[in-house]
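Following: one structure in structure tokens, then a few remarks.
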Amino acid sequence: MNFEFYDNAGYLYTARFSVHATNTNGRYYIALDDIRDSTGASVGADILGRTSFGSTMEVDTSINYMPVNGSGAATLTGQIEFQDAAGATIAGSNKNFNEDITWTNADDAFLQAVYGIQPGHGITKYKIDAEGGLSVLEPTSVKTTFYAPLATATPVTSNKKLTVTHADQTSITLTPGGPYVPDGGAPAPTAADLAKYYGLNVTDEKVKEIMINDNGSITVTKKDVDRAAYLEFDPGTGKFISVGGSGEGLITLGLAGANGTTFKDITLNFSTCSNVNNNGSSTISSAKGNSDGLGSGRAQGEMISLSVAQDGIITAAYDNGMSRCLGQIATAAFANPSGLEKVGDNLYQATKNSGDFDGTGVDITEGGGKMQSGVLEMSNVDLSQEFTEMITTQRGFQANSRIITVSDTMLEELTNLKR
């Protein structure tokens, strides 16, 4: 689940969460995996380490790992023995499984007691799997090629061994079952073996407990997870129950501790989530702000316009929909404005008659005045100069138009001479 948010300067960041199943129906855990900037680069371990979300907790998991860089199919070896309905071990039943066994006369009693195979069967070679099923290998003419143990015979497996082979032809022998603590001593595999044969880094993943499966895979059943919280739903209805223990559905993404000048804490609300059976897949998404879009933050904006109000307040509009007051135009107040001395164009200076300017200025509306933006004041224009330029422009236009007329007449006369 990706959650986008903005910092105090309007730059976009993405918090990346992952949601994992647990062994409890309806219970998941959600973990904060990373925070990335607008370019997709991670903010780094330092900032992430100072970001809080949930807590570090031990979780029950069921994460499977298959052998990597190896043969893929592991070989299961060991011994199996059978018991009758009374729990007594059947004579001669201690056999190696997943190995070819050559029949001898001593096997007949065992085959009859466990599988109901009568003497004279003709079997010369057979194999027993880890569940106790018998497959006839030779001769192929035997009509029945597979036998399951009789109801009176219960197979009991013991001394199971699992061989996993790497591409470099090295191998390890594991004992199926568990739970095992990595590096906890035999029969648990070492951390180095798990990294080489399964690609599992138990230190980075903070693995605390694993199970070894008969097919050669391993299952991580217990691990520590940083910045995580349980997300719980009602298994019957799918309705939200809690996140991080909060029935209100609120949990804090603590960013202020990472860099308080750039980030603020964000409250995430999971109360509208529900858990629906969707053929084994689930989707969870996030949205900025509340249902009305409030509190979603703003991207960094470029100024697109300026406006000046009648009270002189300057407001800037930005392309992200925001507007900000940049300041206010103050007006200079004099005891006698009529005593100001005009020094040219639209400029005046204070005199003893007008009084001095206090250097602060006042709100123009205090004296009942107002400002009008986009209006050219009369005092900004020298009328005599403007009229002179207008007359000059007009006369120039007239002269140019006469030249065109004369040129047209001359061309007409040339045309007539040719005729």
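The values are calculated or read from the model by the stated rules, or taken from the named source; none is laboratory data. Keep in mind that this is a model prediction, so the values were computed, not measured. Methodologically, a virtual Cβ is constructed for each residue, glycine included, from the backbone with ideal geometry; neighbour enumeration extends over all protein chains shown.
Annotations for the structure displayed:
- When 186, 228 are screened for being under 14 Å from residue 59 (Cβ atoms) and either aliphatic (A, V, I, L, M) or touching a helix residue (DSSP H, G or I) at 6+ places or on another chain (Cβ under 7 Å) (or both), only 228 passes.
Yes/no matrix, rows are residues, columns are (1) modelled with pLDDT of 90 or more; (2) at positive phi:
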| site | (1), (2) |
| --- | --- |
| 239 | yes, no |
| 244 | yes, yes |
| 252 | yes, no |
| 258 | no, no |
| 269 | yes, no |
| 275 | no, no |
| 280 | no, yes |
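Residues are listed down the side, and each one gets a yes or a no for (1) within 29 Å of residue 29 (Cβ to Cβ); (2) at pLDDT 95 or above; (3) basic (Lys, Arg); (4) within 31 Å of the chain's Cα centre (by Cα):
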site: 129; (1), (2), (3), (4): no, no, no, no
site: 134; (1), (2), (3), (4): no, yes, no, no
site: 164; (1), (2), (3), (4): no, no, no, no
site: 169; (1), (2), (3), (4): no, no, no, no
site: 186; (1), (2), (3), (4): no, no, no, no
site: 213; (1), (2), (3), (4): yes, no, no, no
site: 217; (1), (2), (3), (4): yes, no, no, yes
site: 221; (1), (2), (3), (4): yes, no, no, yes
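- The stretch 245-363 holds strands (runs of 3 or more DSSP E) entirely within its bounds, and those carrying 1 or more residues that are more than 29 Å from residue 32 (Cα to Cα) and outside the structural domain of residue 36 (by TED's automatic domain parsing) map to 303-308, 313-318, 323-328, 341-344, 347-349.
- Every listed requirement among (1) assigned by TED's automatic domain parsing to the domain that holds residue 256; (2) on the phi < 0 side of the Ramachandran plot is met by residue 86 save one, (1).
- Flag for residue 209 being out of contact with any Pro (no Cβ under 7 Å at 6 or more places or on another chain) and either part of a strand (DSSP E or B) or not assigned by TED's automatic domain parsing to the domain that holds residue 163 (or both): no
- Among (1) more than 28 Å from residue 48 (Cβ to Cβ); (2) at pLDDT 90 or above - the single one residue 207 does not satisfy: (1)
- Across the stretch 3-21, not a single residue is classified as within 30 Å of residue 214 (Cα to Cα), of a type in the set (A, V, I, L, M), more than 20 Å from the chain's Cα centre (by Cα) and not in a loop (DSSP other than H, G, I, E, B).
- Of the residues making up the stretch 358-397, just one is over 20 Å from residue 342 (Cβ atoms), modelled with pLDDT under 80 and of a type in the set (A, V, I, L, M, F, W, C), namely 375.
- Of the residues 157, 203, 221, 152, the single one that is of a type outside the set (A, V, I, L, M), farther than 25 Å from residue 18 by Cα and out of contact with any Phe, Trp or Tyr (no Cβ under 9 Å at 6 or more places or on another chain) is 152.
- Cβ pairs under 9 Å, 6+ apart, first in the stretch 177-202 and without any contact (Cβ under 8 Å) to a residue 24 or more places away in the chain, second exposed (fewer than 15 other Cβ atoms within 10 Å of the Cβ) and small (Gly, Ala, Ser): 183/192; 187/177
Yes/no per residue for (1) polar (S, T, N, Q); (2) surrounded by 14 or more Cβ atoms within 10 Å (Cβ to Cβ); (3) in contact with a strand residue (DSSP E or B) (Cβ under 6 Å, 6 or more places away or on another chain):
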{"position": "298", "(1), (2), (3)": "no, no, no"}
{"position": "306", "(1), (2), (3)": "no, no, yes"}
{"position": "314", "(1), (2), (3)": "no, yes, yes"}
{"position": "320", "(1), (2), (3)": "yes, yes, no"}
